[in-house]
Amino acid sequence: MFATLEAILSLLLPAAVVARTYPTSETTTTLDNLQTAFNGESNAHHRYAAFAKKADEEGYGPVASLFRAASRAEEIHANNHAAVIRMLGAVPKATIEMPNVKTTKENLAAAMEGEIYERDKMYPPFVEEAKASKNSAALKTITYALKTEAEHARLYSQALKNLDAMRGKAMTYYVCTVCGYTVEKLDFLRCLVCGMTKDKYEAVS
Ligand SMILES: [Fe+2]
Ligand SMILES: [Fe+2]
């Protein structure tokens, strides 16, 4: 008679540890989604920092500020995803690729496409999966990122349309340190995405 390794471990270890060692198929899918999102956000964080440097070199100060603010937001998303990945008993993994830096106009277009992809294709099924597996921590961090990426897509689109006016000095954006939401003005009391008070916002220029 052969006992499974899981059955043997369940005799030796508390249930919570066994559950963490052997996630169910549902949590494995949520975990896979979070790893994909962690990888995407980590790369976007680095890519936008490189795009900001290029925008500064080309004299597009306000665009450089927008890229720096979005870079900070993606870092917050990556950290939030990483915390849930660790809660599920895994180690966050990202493969950082060398950013493909072109002209600022091209970089803005590429960044906008990336945000639209995350908003429309990547995150919506992750939301559904997190709901189905009743993982509220995953649902929260995924929703924070989805709502922020929608706003990043809008801000990049706006910058692209007004690129000629986006030359000169840096401007200030504000990034919520809880959810990453990115705004041009702090004309509200509570974050529109996570509901925290606006003192949680950080100025990025
Ligand atoms: Fe974004
Ligand atoms: Fe927030």
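Go from 0 up to the bin containing the longest alpha carbon distance in the chain, width 5 Å each, and give me the % of pairs per bin.
Percent of pairs per bin, in order: 1, 8, 15, 18, 16, 14, 10, 6, 4, 3, 2, 2, 1, 0, 0, 0.
How would you order 107-116, 161-170, 43-52, 189-198 from highest to lowest mean count of nearby Cβ atoms within 10 Å?
For the peptides 107-116, 161-170, 43-52, 189-198, the packing ranking is 43-52, 107-116, 189-198, 161-170.
Taking amide H positions as placed in the peptide plane 1.01 Å from N, state which residues far from residue 181 in sequence (5 or more) or on other chains have amide H under 5 Å from it.
176
Using just the alpha carbons, could you tell me how many Å³ per residue the convex hull of the range 70-171 encloses?
Cα-based convex hull of the range 70-171, divided per residue, equals 110 Å³.
Quick one: accessible area per residue over the chain, 1.4 Å probe, rounded to a whole number of Å²?
Using a 1.4 Å probe on heavy atoms only, each residue of the chain averages 53 Å².
Would you list 105, 147 from the most to the least accessible area, probe 1.4 Å?
My answer, sorted largest first, is 105, 147.
Any chance you could give the angle, 0 to 90 degrees and rounded to 10, that helix 123-132 forms with the longest Cα principal axis of the chain?
Approximately 30 degrees, to the nearest 10.
Just to confirm the number: angle between the C-alpha axis of helix 25-57 and the first principal axis of the chain, 0 to 90 degrees, nearest 10?
20
Over the chain, what is the mean sequence separation of C-alpha contacts under 8 Å (at least six apart), divided by residue count, expressed as relative contact order in percent?
Relative contact order comes out at 24 percent.
When Lys and Arg each count +1 and Asp and Glu each count -1, what net charge do the other residues less than 14 Å away from residue 47, Cβ to Cβ, add up to?
Once positives and negatives cancel, what remains is -4.
Dipole size in debye (nearest 20) for the chain around its Cα centre, Lys and Arg Cβ +1, Asp and Glu Cβ -1?
Dipole of the chain, to the nearest 20 debye: 380 debye.
So if I take the centroid of the Cα atoms in the range 144-205 and the same for the range 49-113, what is the distance between those two points in Å?
Answer, in whole Å: 14.
Once amide H atoms are built 1.01 Å from N in the peptide plane, which residues 5 or more positions from residue 204, or in another chain, come under 5 Å H to H?
The list, which skips near neighbours in sequence, is 173, 174, 175.
Work out the P(r) tail for the range 59-128: percent of alpha carbon pairs separated by more than 14 Å, whole number.
74
So what does log10 I(q)/I(0) come out to for the range 29-79 at q = 0.16, 0.19, 0.20, 0.24 Å⁻¹, using the Debye formula with one equal point on every Cα and no solvent?
The computed values of log10 I(q)/I(0) come out as -0.46, -0.58, -0.62, -0.76.
The values are calculated or read from the model by the stated rules, or taken from the named source; none is laboratory data. What you see is a predicted model, and the numbers here were worked out from it, not measured in a lab. Here the Cβ is made from the backbone with ideal geometry for all residues, glycine too, and neighbour counts use every protein chain on show. Areas reflect the complete protein model, heavy atoms only, side chains present, ligands, DNA and RNA absent. Shrake-Rupley method; radii C 1.70, N 1.55, O 1.52, S 1.80 Å.
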